[in-house]
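All remarks here apply to the structure that follows.
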Amino acid sequence: MYPSGSGKGTPAGTSSAKAKNVDLKVETRGSVGVENELTDKEIAEAHAIIIAADTDVDEERFAGKPVVQVSVAEAIKNAEKLIDEALRLDAPRPTSADVVAQVEREKAKRSQERKGFYKHLMNGVSFMIPLVVAGGIIIALSFIFGIEAFKEEGTLAAALMDIGGGAAFALMVPVLAGFISYSIADKPGLAPGLVGGMLASQLGAGFLGGIVAGFLAGYIAKWLKDTIKLPKNFEGLKPVLIIPVLSTLAVGLLMIYVIGTPVVAIMDGLTNWLQGLTAANAVLLGVIMGAMMAFDMGGPVNKAAYTVAVGLLGSEIYEPMAAVMAAGMTPPLGLWLATLLAPKKYTLEEREAGKAAGVLGISFITEGAIPFAAADPFRVIPSIMVGSAVAGGLSMLFGAKLLAPHGGIFVLPIPNAVENLLLYALAIAIGTVVTALMVNALKKTKEVTVTTKKTTVNVSGQ
C-alpha cells in the first residue's frame, strides 16, 4: 500500500488480502486527485472501511459501516494486521438519525442532478414554498376565530388574514416567476421575473401565468446579456440598468397584450373544471395525484403534483392540496407499519429505517420511503403508489379541504385548517394500511446468508 500520488507498485495490503481470500479495493487521493474511486455500490457491499490518511477525509459517505482509521505509514507497515482488525469489526447498529441523514443526502443529490426546464421550475418553487407554507398556516390560524371572522376590521383574525393572504400569498406568484427567471439569467433576470409574476397575479393568470412569465423573463434577460456588447467601461450598466429595463418592459408588454389573456382563460377553465368535478372524477383526480406523489418520492413527478396543488391554493381550491398531502404522508407511514406487522421480512437496518420513516411520514416528508424503495424498488414502489392512490382518492371522495400546504400531522389540530378532519385522517390511515399490507404480501421473509467479506480501503496521502 503506497501513499496516494506515488504512482508506483501495488498498494500494500493487496497481497495480504488475496492470501486471506478477501476482496479489497484501494482508493487513493493525492496531488493527482482521486484514483480508483469507490462507488456507492462498493461501499454498500463492503464489510468494513480502512481509512489510511494523514489529512481529513469525508467520512459521511461511509455512514453505517465499521471504520478503522490509521496513518498512511501505519497502513504501509501493518497492512495484514489492519485487514484482520477490519474483518473482526461488526457494523454499528443503524439509528434513525442515520436514515434521516441518508434521506437528506438523497434530496441534496437530486437537487444537484436537476437540469434544464425542471431545474429552473424547481428553483422558483423552492423559493415560493416557504411563503405558501407560512401564508397558509397563518390563514388557517385566522379561522380559529371563525371562518368569516377576518371580515371584521381591526380584529386579530383580520390581521392574520392580511399577513397570510394579503401579503404572503400575494407574493407567491411573483416570487415563483422571479426565481425561475433568476435561475435562467442570474441577477439580471430577477427584476423582470418579479414584475412578470406580479402582472400574472394582477391579471388573474395565477401560478400558470407566473411560470410562463418566469421563463419568458429569464430567457429574454439571458438573450440580452449574451447579445448586448458594450465598451469595457460601460459593462457595469448592463446588469443594473440596460437588461432590467429592457427585459422588464418586454415581459410586461407581452404579459399585458399577448400572453395574459389566453393564460387567464386557461386558468379560469381549470378552476371551473375543478370546482365542477363530479364525485367520480374527483376521486379519479385524487387517485392520479396520489400515485404521482409516491412514484418518485420527491422527484419530478412528485413535485409536479405538489406544485399544481400549491398553485391552486391561490384560487381557493383546497381539495387537491388535501389529497396531495395525504398521499405524500402515506408511503413512509405505510413502510413503518409494514416493519411492525412483519419484522421478519426486514433486516435490522430496515426496521430502524422504519422508525425514522414513521417520523418523516407524519411530517409529510415523502422521501422517508427512499431507503426502502432503493433496496427493493420492484416491490416497494408499486405498493406505495397503490397506497397513496387510495389515500388521495378517498381524500377527494370525502371532500377534505386543506388550507395549509405543509406540516403533516402538526397542522391538523388547527381549528378549521382541515375540512372533514376525521374522514381525512381516515383516508390517511387506510392508505397507510393498504401500503403496509401490499408490501408485506409481496416481500419474502429475510434469509440469513453467508458471503465473502469485503474490506474497502481508502488511502489518502500527504
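Listed values, structure above:
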read-out	value
Label-point separation in nm, Lys344 to Leu284, each point 7 Å along Cα→Cβ	4.4
In sequence order, calculated HN-Hα J values of the stretch 401-412 (Karplus, 6.51, -1.76, 1.60; Hz; x Gly/Pro)	10, 10, 8, 9, x, 7, x, x, 5, 6, 9, 5
Computed lengthening from Thr227 to Asp186, 0.36 nm per intervening residue step minus Cα-Cα distance	13.2 nm
Reciprocal of mean inverse Cα separation for the stretch 355-451 (Kirkwood radius, Å)	14.7
Under 5 Å, built H, 5+ apart or other chain: amide partners of Val68	Ile49, Ile50, Ile51
Rounded, prolate or oblate (a/c below 1.5 giving rounded, otherwise prolate when a/b exceeds b/c) for the stretch 296-346 by Cα gyration tensor	oblate
Å² of accessible area per residue within the stretch 270-391, as computed with a 1.4 Å probe and no ligands counted	35
Using θ = phi - 60° and Karplus 6.51 cos²θ - 1.76 cosθ + 1.60, couplings along the stretch 284-289 (whole Hz; Gly, Pro as x)	4, 4, x, 5, 5, 5
Length gained when the stretch Asn272-Ala429 is fully extended (0.36 nm per residue, less Cα-Cα span)	53.5 nm
Prolate/oblate/rounded label for the stretch 338-388 (Cα gyration tensor, a/c 1.5)	oblate
Rotationally averaged projected area of the stretch 205-338 (alpha carbon convex hull; nm²)	11.4
More than 21 angstrom apart: percent of Cα pairs within the stretch 187-262	25
Accessible-area composition of the stretch 237-391, carbon plus sulfur, in percent [1.4 Å probe]	73
For Met297, distant residues with modelled amide H under 5 Å away	Asn302
Net charge, Ala441 excluded, C-beta distance under 11 Å - Lys, Arg +1, Asp, Glu -1	+4
Å² per residue, accessible surface of the stretch 122-220 at 1.4 Å	39
Three-way shape label, the stretch 135-232, alpha-carbon gyration tensor, a/c 1.5	prolate
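The values are calculated or read from the model by the stated rules, or taken from the named source; none is laboratory data. It should be emphasised that the depicted structure is a prediction, and the values quoted were computed from it without experimental measurement. Using ideal geometry, Cβ is built from the backbone for each residue, glycine included, and neighbour counts are taken over all protein chains shown. To get the accessible areas, we keep the full protein, side chains included, count just its heavy atoms, and leave off ligands, DNA and RNA. Shrake-Rupley method; radii C 1.70, N 1.55, O 1.52, S 1.80 Å.
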